[in-house]
Each structure stands twice: as C-alpha cells, then as structure tokens.
Amino acid sequence: MTVLAFHSPKGGAGNTLVTAGIARRAATRGQTVTAYDMTRQDSLKLFFGLLPDQKPVGTDGEPMVVRGVRLVGNFTTQRERDKAIEQIKTTPADELALVDIVSADWEGWEQIHRFADLSICVIEPNPIGLASLTRLGEQIPVTEREDIAIVLNKLDDRRKLSRHCHRFMKQLFDNQFLGSIRRDEAANEAIARFESLVEYAPNSVIISDVDALIGSIQQRLVRTHKSRNPIDTRAVQSAERQTV
C-alpha cells in the first residue's frame, strides 16, 4: 500500500486542491485510489464536481467512486473518524490512499503521520507560509525531517516575491522539496460550475504541474524505500515526458 498524508500548518494553502489533483491524475493511469476527506469541511468532493450538500455515498451506502477515485468523507463524529483511520491503516497492497487533513487538526495529523509513507506539507509562496513551517519542526529542524516533504502551491511567476520564495524553498529543502503548482483561477471556476478541473480546463497549468509532482513523489518513495507499491510507474513516465 501507499499512504500519503496532506497537511498544511496554515489554512488556505490549497491542501485539498493538491490532494484532489494527485488523486484524479493517479486514477486516470489505472491506479486504484481512495481519497479520505478528514477536514470536517467536507470540501474534497467539490473538486470532483459534486454539490456542497451531496454526500459522497452511493445508494448502497458505500463510498462513491467519482472519476475513478473512491471518495470517503462526511465524518460527523470522532468515532467515524477513528474508524476511517483504521481503514487507512489496512489499505490494500495495490492501492493508493490520500488523506486530506485540515490545518488545525494536529492530533489527526500525528495519528496518520505515524504510519503514512510520506507526509506532504503544502504551503503558499509568501512570508506567512514560510513562517508557518516552524510549527512542523518540534525538536528537530524541518530541514532534517526526512518524513516530511514540501509542496509549494499557488505559485505566480508574475510576482517577484512568489518567484523568490520558490527559489528559496528549492535551495533550503533540497530533496524534501517535491515541486510547485502554479496559480490558475480555472480551479475556482471549475468548482463554481460543479465540474472537475480536467473537464472544465483540460489545458490548465495545474494539471501538468500535478503530473510532474506525481513523478517527484514516486522518486521520493523509491529513494526512501518506504513503499513496496508506490504510485503507478506510468504516472512517473508521463510526468517525465511533461518535464523534458
């Protein structure tokens, strides 16, 4: 199995967008994917074209499979959340599980972080985003934590500070830095239309950036020998073609 935990020390960084993007792109390559929404806001489903009041559950009571991704969420009690965490622990060997964790839920992050193959921290390219990384260090500097990887979201190449933050992050975190996702208003427009980004804007830069990100995650998992069955190699090959 492969379990990826997505968490940001600061709200609004786009953690859910990154989780949904990787889930959808991995599924299109034949990977069996389950995405868990542990945010209490139940917003992950919006990135798959579902309505705000629509529960990701089929008529048979089982989680819905939307665009190739099995969606699990809408937890209303702590007991339901604890049960979901136990399910994540028993993810089948050939399956990819992605867990979206709200920034304020440090307890939930610690629970899942203990057994996740990789914890991915999503931040924005601004001073507040960079400063929030100090909350991840505990007694060990973030730059020395091999169990945490960094993704920079909402990168805007037109903004000087955004570009400088990008270069700084790449230099500071080196192998921990997985990549960046550029800002594209099409992501919000797709949600407003109750459509997925792939259907609404198939040429969005976010899609190509996520493909490259999948390749980086695959390489990281292989390098650290933490996953026997990492993300499907076809995703890596596609990402490499995108970045050549």
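The values are calculated or read from the model by the stated rules, or taken from the named source; none is laboratory data. All figures in this text were calculated on a predicted structure; none of them were measured in a lab. We place every Cβ from the backbone using ideal geometry, glycine too, and count neighbours over all the protein chains shown. Quick note on the areas: whole protein, heavy atoms, side chains included, nothing else; ligands and nucleic acids left out. Shrake-Rupley method; radii C 1.70, N 1.55, O 1.52, S 1.80 Å.
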- Which of the residues belonging to segment 210-224 are open to solvent by less than 20 Å² (accessible area, probe 1.4 Å) and either charged (D, E, K, R) or touching a residue at least 24 places away in the same chain (Cβ under 8 Å) (or both)? Val210, Asp211, Leu213, Ile214, Gly215, Ile217, Arg220, Leu221
- Message: Scan segment 34-50 and tell me whether some residue there is among the polar types (S, T, N, Q), exposed (fewer than 15 other Cβ atoms within 10 Å of the Cβ), farther than 17 Å from Leu98 by Cβ and out of contact with any Asp or Glu (no Cβ under 7 Å at 6 or more places or on another chain).
- Response: no
- (1) under 18 Å from the mean Cα position of the chain (by Cα); (2) loosely packed, with under 13 Cβ neighbours inside 10 Å all hold for Gly129 apart from (2)
- Could you grab the pairs with beta carbons closer than 6 Å, sequence gap of 6+ or different chains, first residue in segment 171-184 and touching a residue at least 60 places away in the same chain (Cβ under 8 Å), second one β-branched (Val, Ile, Thr) and surrounded by 17 or more Cβ atoms within 10 Å (Cβ to Cβ)? Ile181/Ile206
- Task: Can you give me the number of residues within segment 144-168 that are surrounded by 14 or more Cβ atoms within 10 Å (Cβ to Cβ) and part of a helix (DSSP H, G or I)?
- Result: 4
- Query: In segment 198-209, how many are open to solvent by 30 Å² or more (accessible area, probe 1.4 Å) and part of a helix (DSSP H, G or I)?
  - Reply: 5
- Can you pull out the residues in segment 22-33 that are within 11 Å of the chain's Cα centre (by Cα) and open to solvent by less than 10 Å² (accessible area, probe 1.4 Å)? Ile22, Ala23
- Query: Restricting attention to segment 169-192, and to residues there that are outside any strand (DSSP E or B) and among the aliphatic types (A, V, I, L, M), which single residue is farthest from Ala20 (Cα to Cα)?
  - Reply: Leu172
- Which residues, counting only those in segment 51-66, are assigned to a loop (DSSP other than H, G, I, E, B) and crowded, with 17+ Cβ neighbours inside 10 Å? Pro56, Met64
